[in-house]
Amino acid sequence: MKRACGVLLPISALPSKYGIGCFSKEAYEFVDFLKAAGQSYWQVLPFGQTGYGDSPYQSFSTFAGNPYFIDLEELFEKGYLRKNDLEKAKLSSDPEQIDYALEYENRYPLLWKAYQNSPFSLAHSGDASAAKELSEFMEFQKAEEDWLADYALYCAVKKHFRNVSYIEWEEDIRLRKRSAMEKYRRELADEIRFYEFLQFEFMNQWLKLKAYANQNGIDIIGDIPIYVAFDSADTWSHPELYEFDQKGYPTVVAGCPPDAFSATGQLWGNPIYKWDYHQKTGYEWWIKRVRHCFRLADVLRIDHFRGFDEYYAIPYGDETAEFGTWRPGPGIELFEILKKELGKQRIIAEDLGFLTPSVLKLVKKTGYPGMKVLQFAFDSREDSDYLPHNYGTNCVVYTGTHDNQTTRGWYESAPRADRSFAKRYVGIPSKKTAVWEFIRVAFMSVADTVIIPMQDYLNLGDEARMNQPSTLGGNWMWRMKKDAITPELTAKMRSFAKMYGRLS
């Protein structure tokens, strides 16, 4: 990683006409802003299709993109939607908040209409005038066949069973019996094609936006969750990759043990990898997964890096995380194989939280930069690795992440002693300028890379917080105002980048 700076802003948080950020003109304008502000990176959250809870870290597929991000205006320009369709679409009740219920209820029927009007629907697939488009679509199907067919079938069958988890489907299709697979592929052919169409549009639109960013000197930092969701096309199509019993149920699930923040620990519920099986296959699935991610991003942040050293396994069915056990992960072997197969890639290790000597050793062996979060630095009772004077160069420093309060919210609510320590360390003349002083300290540090959440550049409070871990509902909803970015902000960001040697 070069000495540079960037901005963390999820795609969903971009302003747009239709209730959620997407690959629209506003995304291109954001790239223009990053360039003008002297930035080198745009960090996003996982691209996956969200489900119950709306979290991008609990997706229906680790390979598929979120259909909400498809630009509806582009579908209109292609003739797949009419202006009247867009004007009638009820997708937003608040320009600063995402209404996921509205999105779910109204966007999918709109996308279905676009599909039906496209040359890709089964009703029009014989149209000779669309031969070029159909050829491109078929090439896409072939290129993505490792995951696309199973994902589209999973989505179609899930809808058929009124969106319940696949573990509640009829047993023949839940266990992927050949006769059931053939039956549903035949009966749900148009629905399957619809989900393939969505991924075709998603990929084309995103790669076009990414190319525009790269042409303007902006690299994309993507994000890969270590685990997949239990209710996902990944687990249904490849149960052999996970610690499942013969009936397809997990034997253990992921989480974190009890600590000072949670007396009963954190029960995430994600299935756990059968690492000995992955090792026997030469980590084939991981190679495919990471290769796919590097098509979508230039740099990759790997979430919960500790889990590759040791992971916490909780018996399936437990109501808390109190009775799990630590088990060894794949360690350096996985990353050596990824490097051998994919070459040297730019990866950021999310190494936050309690770290054992063995995971610190693993991060060092990989050579990947770890993460430093300023909000974690100012515990007045002890020294901290997160204090800037303790940094090495090979790290990425953040004021906060998507899981933190905004820096303004943190500073205003921090314990008095911690706030006093931060004020003295950073040099904060007044509460009004506090956030910018934290940003300045990050920029001054020796860390190669600085990434600042957009909410902090806008000096927003906790009303703009993206996520509060271990809570359900009210998360992932914040959106940036359309007129939030000003020439004054752009100039100030550029001056910081220039002053501290981070100008792109």
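The values are calculated or read from the model by the stated rules, or taken from the named source; none is laboratory data. Every value quoted in this text rests on a predicted model; they were computed, and no experiment measured them. For neighbour counting, all protein chains shown are included, and Cβ atoms are generated from backbone atoms with ideal geometry for every residue, glycine included.
Quick rundown of the values:
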| quantity | calculated |
| --- | --- |
| Segment 171-187 residues that are closer than 21 Å to Asp245 by Cβ, paired with ones that are surrounded by 15 or more Cβ atoms within 10 Å (Cβ to Cβ) and at pLDDT below 95 (beta carbon under 7 Å, 6 or more apart) | Arg174/Gly248; Leu175/Gly248 |
| Verdict on Lys344 being at pLDDT below 95, surrounded by fewer than 21 Cβ atoms within 10 Å (Cβ to Cβ) and under 20 Å from Arg465 (Cα atoms) | no |
| Identity of the residue in segment 202-257, in a strand (DSSP E or B) and acidic (Asp, Glu), that ends up surrounded by the most Cβ atoms within 10 Å (Cβ to Cβ) | Asp223 |
| Subset of segment 478-488 (residues that are within 19 Å of Gly409 (Cβ to Cβ) and either surrounded by fewer than 20 Cβ atoms within 10 Å (Cβ to Cβ) or modelled with pLDDT under 95 (or both)) | Lys481, Ala484 |
| Meets criteria (under 22 Å from Asp403 (Cα atoms), touching a helix residue (DSSP H, G or I) at 6+ places or on another chain (Cβ under 9 Å) and modelled with pLDDT of 95 or more) for Ile11 | yes |
| First in segment 450-476 and under 30 Å from Gly392 (Cβ atoms), second anywhere and part of a helix (DSSP H, G or I) and modelled with pLDDT of 95 or more, Cβ under 6 Å, 6 or more apart | Val450/Ala442; Val450/Phe443; Ile452/Ile439; Gln455/Ala464; Asp456/Thr407; Asp456/Val435; Asn459/Arg408; Asn459/Val435 |
| Single condition Leu460 does not satisfy, out of (1) of a type in the set (A, V, I, L, M); (2) touching a Ser or Thr at 6+ places or on another chain (Cβ under 7 Å); (3) part of a helix (DSSP H, G or I) | (3) |
| The listed residue being over 28 Å from Ser470 (Cβ atoms), surrounded by fewer than 19 Cβ atoms within 10 Å (Cβ to Cβ) and either among the aliphatic types (A, V, I, L, M) or within 30 Å of the chain's Cα centre (by Cα) (or both), out of Tyr108, Tyr115, Tyr80 | Tyr108 |
| Residues of segment 45-55 that turn out to be crowded, with 22+ Cβ neighbours inside 10 Å and more than 19 Å from Tyr166 (Cβ to Cβ), as a count | 3 |
| Pairs, first under 15 Å from Leu458 (Cα atoms) in segment 477-504, second in a helix (DSSP H, G or I) and hydroxyl-bearing (Ser, Thr, Tyr), C-beta under 7 Å, six or more apart | Leu489/Tyr457; Met493/Tyr457 |
| Matching residues, segment 275-321, being among the charged types (D, E, K, R) and either under 17 Å from His238 (Cα atoms) or surrounded by 15 or more Cβ atoms within 10 Å (Cβ to Cβ) (or both) | Asp276, Lys280, Glu284, Lys288, Arg289, Asp298, Arg301, Asp303, Arg306, Asp309, Glu310, Asp318 |
| Residue within segment 175-193 that is assigned to a helix (DSSP H, G or I), buried (at least 19 other Cβ atoms within 10 Å of the Cβ), hydrophobic (A, V, I, L, M, F, W, C) and under 27 Å from the mean Cα position of the chain (by Cα) present | yes |
| Any chance Gly353 is at positive phi and either modelled with pLDDT under 95 or part of a helix (DSSP H, G or I) (or both) | yes |
| Residues within segment 446-477 that are surrounded by fewer than 21 Cβ atoms within 10 Å (Cβ to Cβ) and in contact with a helix residue (DSSP H, G or I) (Cβ under 6 Å, 6 or more places away or on another chain), tallied | 3 |
| Selected residue (criterion: farthest from Ser445 (Cα to Cα)) from residues of segment 357-390 that are hydroxyl-bearing (Ser, Thr, Tyr) and within 26 Å of the chain's Cα centre (by Cα) | Thr366 |
| Tabulated pairs, segment 212-238, first over 21 Å from Gln43 (Cβ atoms), second charged (D, E, K, R) and assigned to a helix (DSSP H, G or I), C-beta under 7 angstrom, 6+ apart or interchain | Val228/Asp234; Ala233/Asp150; Ser237/Asp150 |
| Yes/no for Glu87 being acidic (Asp, Glu), assigned to a helix (DSSP H, G or I) and either modelled with pLDDT under 95 or crowded, with 24+ Cβ neighbours inside 10 Å (or both) | yes |
| Positions within segment 397-428 being assigned to a loop (DSSP other than H, G, I, E, B) and farther than 21 Å from Gly6 by Cβ, in sequence order | Ala414, Pro415, Gly427, Ile428 |
| Tabulated pairs, segment 57-77, first surrounded by 22 or more Cβ atoms within 10 Å (Cβ to Cβ), second among the acidic types (Asp, Glu), C-beta under 6 angstrom, 6+ apart or interchain | Thr62/Asp234; Tyr68/Glu103; Ile70/Glu201 |
| Pairs with Cβ under 6 Å, 6+ apart, first in segment 136-161 and closer than 14 Å to Gly65 by Cα, second not in a helix (DSSP H, G or I) | Trp147/Phe63; Tyr151/Ser61; Tyr151/Ala64 |
| Subset of segment 347-364 [more than 21 Å from Arg291 (Cα to Cα) and either in contact with an Asp or Glu (Cβ under 6 Å, 6 or more places away or on another chain) or surrounded by fewer than 19 Cβ atoms within 10 Å (Cβ to Cβ) (or both)] | Gly353, Phe354, Leu355, Thr356, Pro357, Ser358, Val359, Leu360, Lys361, Leu362, Lys364 |
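The rows are residues; the columns are (1) within 24 Å of Tyr368 (Cα to Cα); (2) acidic (Asp, Glu); (3) in a strand (DSSP E or B); (4) touching a residue at least 24 places away in the same chain (Cβ under 8 Å).
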position: Trp268; (1), (2), (3), (4): no, no, yes, yes
position: Lys288; (1), (2), (3), (4): yes, no, no, yes
position: Phe294; (1), (2), (3), (4): yes, no, no, yes
position: Arg301; (1), (2), (3), (4): yes, no, yes, yes
position: Tyr312; (1), (2), (3), (4): yes, no, yes, yes
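Conditions (1) among the hydrophobic types (A, V, I, L, M, F, W, C); (2) under 25 Å from Phe335 (Cα atoms), marked per residue:
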position: Ile226; (1), (2): yes, yes
position: Asp245; (1), (2): no, no
position: Pro258; (1), (2): no, no
position: Leu267; (1), (2): yes, no
position: Lys274; (1), (2): no, yes
position: Thr281; (1), (2): no, yes
position: Lys288; (1), (2): no, yes
position: Asp303; (1), (2): no, yes
position: Gly307; (1), (2): no, yes
